[in-house]
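Trainee: Structure in structure tokens, see below.
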Amino acid sequence: MPQDEKEKKVRDCFPILGKMKDHELKAKVTRCWVKMWEESKWKDLRDCPFTPPFPEISLVDHVNCVGEMVLTAADVVERHNPQLKLDRDYLITGVLLHDLSKLVEIEKGPDGVKWGEMLKLMPHSTYGAFTALAQGLSPRVANIIMAHTRMAGTLPASPEATLLHYMDYGLADVLRAHRGLALIMDGGPQLGK
């Protein structure tokens, strides 16, 4: 598939890209997805699951859900705390890239999807942060990617990174509670284990 078609597919998968005002930032985010997709074994972005315990939820759907949650929460937080102004482009960038590396961290095998070899080399989100930096995004963006998960050992360096962290983990725990699985807030599971 030609590069421009891949970029269009990314834009089609993630409508939240259209809410970004900074066109250069939007282009870099799109390039990150194209690059990671090219490195992955997934033929279509929608084929990669959000996580092996929930193979029926695509990574694309997860990212879009987190995006809606984060932007709604940002509006509510700002309405009740007028002194706080969250950078929407930065927040959307974090939402879109927080699980980017799952395209190469999750693999499809004969017995279904599983955590792949990448997670034996580095913690979840690390490769996504490296990719973002290589595409010209800032260390601030690398922080929001790394800090969304406790696996990377990085604390959020901004209110936006903090909000993304809790919304993403909150969604994961709601899904886990629905299935009667151990909650992240209670110390489990260990990603990739």
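Trainee: Looking at this structure, is Gly136 surrounded by fewer than 21 Cβ atoms within 10 Å (Cβ to Cβ), of a type in the set (Gly, Ala, Ser) and at pLDDT 95 or above?
Mentor: yes
Trainee: If you don't mind, there's one more thing I want to ask. Being surrounded by 15 or more Cβ atoms within 10 Å (Cβ to Cβ) and farther than 21 Å from Val60 by Cα is the filter here, so list the residues in the stretch 165-182 that pass it.
Mentor: Residue satisfying the conditions is Leu181 alone.
Trainee: Of the conditions (1) on the phi < 0 side of the Ramachandran plot; (2) in contact (Cβ under 8 Å) with a residue 60 or more places away in the chain, Thr126 clears all except one; give me its number.
Mentor: It fails just one condition, (2).
Trainee: Right, another one. Do we have Leu97 as under 20 Å from Lys21 (Cα atoms) and modelled with pLDDT of 95 or more here?
Mentor: Yes: the conditions hold for Leu97.
Trainee: Taking the stretch 4-17, which residues are open to solvent by less than 90 Å² (accessible area, probe 1.4 Å) and closer than 22 Å to Leu133 by Cα?
Mentor: Once the filter is applied, which keeps residues that are open to solvent by less than 90 Å² (accessible area, probe 1.4 Å) and closer than 22 Å to Leu133 by Cα, the stretch 4-17 yields Lys6, Glu7, Val10, Phe14, Ile16, Leu17.
Trainee: So, one more: Do you know which residues across the stretch 3-42 are of a type outside the set (Ser, Thr, Tyr), without any contact (Cβ under 8 Å) to a residue 24 or more places away in the chain and closer than 29 Å to Lys114 by Cα?
Mentor: Glu5, Lys8, Arg11, Asp12
Trainee: List every residue pair whose Cβ atoms lie under 8 Å apart, where the two residues are 6 or more positions apart in sequence or sit on different chains, the first residue falls within the stretch 52-65 and is in contact (Cβ under 8 Å) with a residue 60 or more places away in the chain, and the second residue, located anywhere, is among the aromatic types (Phe, Trp, Tyr) and buried (at least 17 other Cβ atoms within 10 Å of the Cβ).
Mentor: Pro52/Trp115; Ile57/Phe50; His62/Phe50
Trainee: Scan the stretch 110-122 residue by residue and report those that are free of Cβ contacts under 8 Å to residues at least 40 places away in the same chain and either of a type in the set (Ser, Thr, Tyr) or open to solvent by 40 Å² or more (accessible area, probe 1.4 Å) (or both).
Mentor: Across the stretch 110-122, the qualifying residues are Pro110, Asp111, Glu117, Leu121, Met122.
Trainee: I've got another one for you. Does any residue of the stretch 139-159 turn out to be in contact (Cβ under 8 Å) with a residue 60 or more places away in the chain, open to solvent by less than 50 Å² (accessible area, probe 1.4 Å) and within 25 Å of Glu56 (Cβ to Cβ)?
Mentor: no
Trainee: Next question. Of the residues in the stretch 38-85, how many are within 23 Å of Val174 (Cβ to Cβ), part of a loop (DSSP other than H, G, I, E, B) and open to solvent by 40 Å² or more (accessible area, probe 1.4 Å)?
Mentor: Total meeting the criteria: 1.
Here's the yes/no breakdown for (1) hydroxyl-bearing (Ser, Thr, Tyr); (2) at pLDDT below 95; (3) open to solvent by 20 Å² or more (accessible area, probe 1.4 Å):
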{"position": "Ile92", "(1), (2), (3)": "no, no, no"}
{"position": "Lys108", "(1), (2), (3)": "no, yes, yes"}
{"position": "Thr126", "(1), (2), (3)": "yes, no, no"}
{"position": "Phe130", "(1), (2), (3)": "no, no, yes"}
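Trainee: When you check Val95 against the structure, is it closer than 24 Å to Lys28 by Cα, in contact (Cβ under 8 Å) with a residue 40 or more places away in the chain and β-branched (Val, Ile, Thr), yes or no?
Mentor: yes
The values are calculated or read from the model by the stated rules, or taken from the named source; none is laboratory data. Everything numeric here is computed off the predicted structure, so don't read it as measured data. Here Cβ is always computed from backbone atoms with ideal geometry, including for glycine, and neighbour counts include all displayed protein chains. Just so you know, the surface numbers come from the protein's heavy atoms only, side chains and all, with ligands and any DNA or RNA stripped out. Shrake-Rupley method; radii C 1.70, N 1.55, O 1.52, S 1.80 Å.
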